[in-house]
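The block underneath contains the structure these notes are about, expressed in structure tokens.
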Amino acid sequence: MRRPHTRLLAPAAVLVLATACGAEHADDGPGSAAPPPRTTVTDPPVDGVRITSVTLPTASPSPSVTPGRVRADPLPGTGDSGILAAYRVRNDGDAAMTYTVLFAFTTDTGAVMASKRVTVTGVAPGHSTTGTVEAGALAPGASPVTRVEVAEVTKVPADEAPSRTGPCPVSGVRLWADDGDAAMGLRVVGLHLENCGKRDYALDGYPKLTLLDDAREPVDGVRVLRGGTAIATGTGLDGPPAPLVLKPGESARSGLIWRNTTLSGTAINVPYVRVLARPGAAPVMLTPGLDLGTTGKLGVGAWKRAER
């Protein structure tokens, strides 16, 4: 059993800086547009994820920024910034993995103008997958984007990856976590289960949780308490469990609740949680990023039928 540890949350950045010394393009006549300039990136990968190039649609020098830097102007008539990054995901492990990557599009000073989360499913061991991620439309008045960072990488075994859409898993149910809610140090993340199969699915009780560290090894020193009232009331996770049967197409909900209060001692971070919906169920590994502070307590709600 590994002891609780502090997870460093500062992003490991893969950076790209576009300069104004890009290739020149010949004028092909009225209405012609130069191809978007693409900058090749050679920085090392971050946990298997490497940005290979960044494209800025229009390299127009701006007097309001540092000389030699460029800004990306919106594509005419679309509102889209046209900024995109190409990436490669390499799995050097011994099992197929599903990656979730948070990309940050930032300024020279590190201010984030846009962020995008991308899921890359089922990368086989010893294999690579490539793709692109777009910044999309930037907020009005946004500063020029000059860098792209791999801000966060999480990866889970492909056969334990959560699914919210797509083909129904072999288990006949989907299980996933939402983005959660936070207020005054209280954190709540919803757990959602959908019967996407062809048979009834019975639940009675609480999800079974295994808390895991960055290496996906069990974390000790945390008490998992049944019922949301063990942490706070009025969160929708109150009440005792009761048997329920989900018909095909029906859903249930549960949730995780904790406080990230930090007093004396070492703060505990739990990046991964393996969830069993019921005894004997197929495991699903979630990445809620539990920042438990120094409380050492996590509450879990009973399964309840989800309202339509």
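The values are calculated or read from the model by the stated rules, or taken from the named source; none is laboratory data. Note that the structure is a prediction, hence the values are computed from the model and not measured. Cβ: placed from backbone, ideal geometry, glycine included. Neighbour counts: every protein chain shown. For accessibility, only protein heavy atoms count, side chains too; no ligands or nucleic acids. Shrake-Rupley method; radii C 1.70, N 1.55, O 1.52, S 1.80 Å.
Would you call A85 modelled with pLDDT of 85 or more and under 20 Å from the mean Cα position of the chain (by Cα)?
Judged against the criteria, A85 is a match.
Restricting the range 262-272 to residues that are within 22 Å of the chain's Cα centre (by Cα) and not hydroxyl-bearing (S, T, Y), which is most open to solvent (accessible area, probe 1.4 Å)? Even if it seems obvious, please write down each step before you answer.
The first filter runs over the range 262-272 and keeps only residues within 22 Å of the chain's Cα centre (by Cα), leaving 267-272.
This time we only want the ones that are not hydroxyl-bearing (S, T, Y), so: 267-271.
Working: A267: 31, I268: 15, N269: 15, V270: 0, P271: 2 Å².
For the range 262-272, the residue satisfying everything is A267.
Residues being open to solvent by 10 Å² or more (accessible area, probe 1.4 Å) and touching a residue at least 12 places away in the same chain (Cβ under 8 Å): count how many of those fall in the range 273-295.
From the range 273-295, those open to solvent by 10 Å² or more (accessible area, probe 1.4 Å) are 274, 276, 278-284, 287-289, 291, 294-295; that's our starting set.
Retained after the next criterion (residues that are touching a residue at least 12 places away in the same chain (Cβ under 8 Å)): 274, 276, 278-279, 281-284, 287-289, 291, 294-295.
Qualifying residue count for the region: 14.
Restricting the range 139-174 to residues that are without any contact (Cβ under 8 Å) to a residue 12 or more places away in the chain and among the small types (G, A, S), which is farthest from R88 (Cα to Cα)?
Step one: filter the range 139-174 for residues without any contact (Cβ under 8 Å) to a residue 12 or more places away in the chain, giving 140-141, 165-167.
If we keep only those that are among the small types (G, A, S) as well, we get 141, 166.
Working: G141: 31, G166: 23 Å.
Restricting to residues being without any contact (Cβ under 8 Å) to a residue 12 or more places away in the chain and among the small types (G, A, S), the top hit is G141.
Given the criterion under 20 Å from S53 (Cα atoms) and either at pLDDT 95 or above or of a type in the set (A, V, I, L, M, F, W, C) (or both), identify the matching residue among A158, A114, A182, A124.
Working: A158 fails: under 20 Å from S53 (Cα atoms); A182 fails: under 20 Å from S53 (Cα atoms); A124 fails: under 20 Å from S53 (Cα atoms).
Only one candidate passes the filter, namely A114.
Go through the range 76-120 and report how many residues are open to solvent by 50 Å² or more (accessible area, probe 1.4 Å), in a strand (DSSP E or B) and farther than 12 Å from A135 by Cα.
3
Under 8 Å between Cβ atoms, at least 6 apart or on separate chains: pull out the pairs that start in the range 113-127 with a residue that is under 12 Å from T98 (Cα atoms) and end on any residue that is surrounded by fewer than 15 Cβ atoms within 10 Å (Cβ to Cβ) and among the aliphatic types (A, V, I, L, M).
P125/A95
Considering only residues of the range 216-233 that are assigned to a loop (DSSP other than H, G, I, E, B) and over 20 Å from H192 (Cβ atoms), which is farthest from the chain's Cα centre (by Cα)?
The residue in question is T233.
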